[in-house]
1. List the number of the failed condition for Gly57; all other conditions in (1) part of a helix (DSSP H, G or I); (2) surrounded by 10 or more Cβ atoms within 10 Å (Cβ to Cβ) hold.
2. Of all residues in the range 100-114, which are part of a strand (DSSP E or B) and free of Cβ contacts under 8 Å to residues at least 24 places away in the same chain?
3. Return yes or no: is Ser50 surrounded by 10 or more Cβ atoms within 10 Å (Cβ to Cβ), closer than 24 Å to Ile134 by Cβ and without any contact (Cβ under 8 Å) to a residue 40 or more places away in the chain?
4. When you go through Lys43, Lys49, Lys88, Lys15 one by one, which is the residue that is in the same structural domain as Leu126 (by TED's automatic domain parsing) and either out of contact with any Lys or Arg (no Cβ under 7 Å at 6 or more places or on another chain) or of a type in the set (Val, Ile, Thr) (or both)?
5. Inspect all residues belonging to the range 61-70 and state whether any of them is out of contact with any strand residue (DSSP E or B) (no Cβ under 9 Å at 6 or more places or on another chain), of a type in the set (Gly, Ala, Ser), surrounded by 10 or more Cβ atoms within 10 Å (Cβ to Cβ) and under 30 Å from Phe128 (Cβ atoms).
6. Within the range 112-139, how many residues turn out to be of a type outside the set (A, V, I, L, M) and over 17 Å from Arg65 (Cα atoms)?
Amino acid sequence: MLTLRVQERKQQENKRIEEAEDRITEAEEQIQQTGEVLIELLKRQTQLKSKITDQEGRSRRDNIRIYGVPENSENGSSTIEFIEKLLKDGLDLDPSTELHIQRAHRALAPKPKDNARPRSIVVKFLRFKTKKDILGKVWRKGGLTWNNTRIT
């Protein structure tokens with residue numbers, strides 16, 4: 001009777017050990033699969049980060065940054081209208097010339113004190129060719145002045 005109980009206990013212990021080993025094996029497999037998935041996700045994240053960086057660079061190709069325009073020069077008009085007038089007057093462009101400015105705004109920085117350098121203006125043209133033509137005219141002219149202020 002005693003040996004029967006000992007055998008029964010050993011069988012129960014062996015069964016519990018087998019179950020534990022099975023669970024451990026399953027857990028190890030899940031950990032390995034999770035590691036593989038994590039590696040794939042990290043690779044994908046790197047690819048997507050690279051694509052985003054490329055897209056951001058491409059979207060900035062049509063931008064120019066204008067320095068030296070005093071704060072509040074827009075006098076209540078939109079920045080786009082002001083930049084069109086500034087470029088047409090400063091570069092002696094035909095008033096009917098379409099510049100195709102998509103967006104224009106001051107740099108996203110706190111407004112400077114009165115004696116500090118003004119924030120730059122970021123201008124996004126709809127077409128790269130327009131941007132290139134404007135820059136070419138500024139370089140050929142040797143710069144741009146507005147209200148006795150040098151604009152770069």
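The values are calculated or read from the model by the stated rules, or taken from the named source; none is laboratory data. Since this is a predicted model, take the numbers as computed values, not measurements. All Cβ positions, glycine included, derive from the backbone under ideal geometry; neighbour counts span all protein chains shown.
1. That leaves (2) as the condition not met.
2. Within the range 100-114, Arg103 is the sole residue that qualifies.
3. It is false that Ser50 is surrounded by 10 or more Cβ atoms within 10 Å (Cβ to Cβ), closer than 24 Å to Ile134 by Cβ and without any contact (Cβ under 8 Å) to a residue 40 or more places away in the chain.
4. Within the list Lys43, Lys49, Lys88, Lys15, the selection yields Lys88.
5. No, that holds for no residue.
6. Residues flagged as of a type outside the set (A, V, I, L, M) and over 17 Å from Arg65 (Cα atoms) within the range 112-139 amount to 4.
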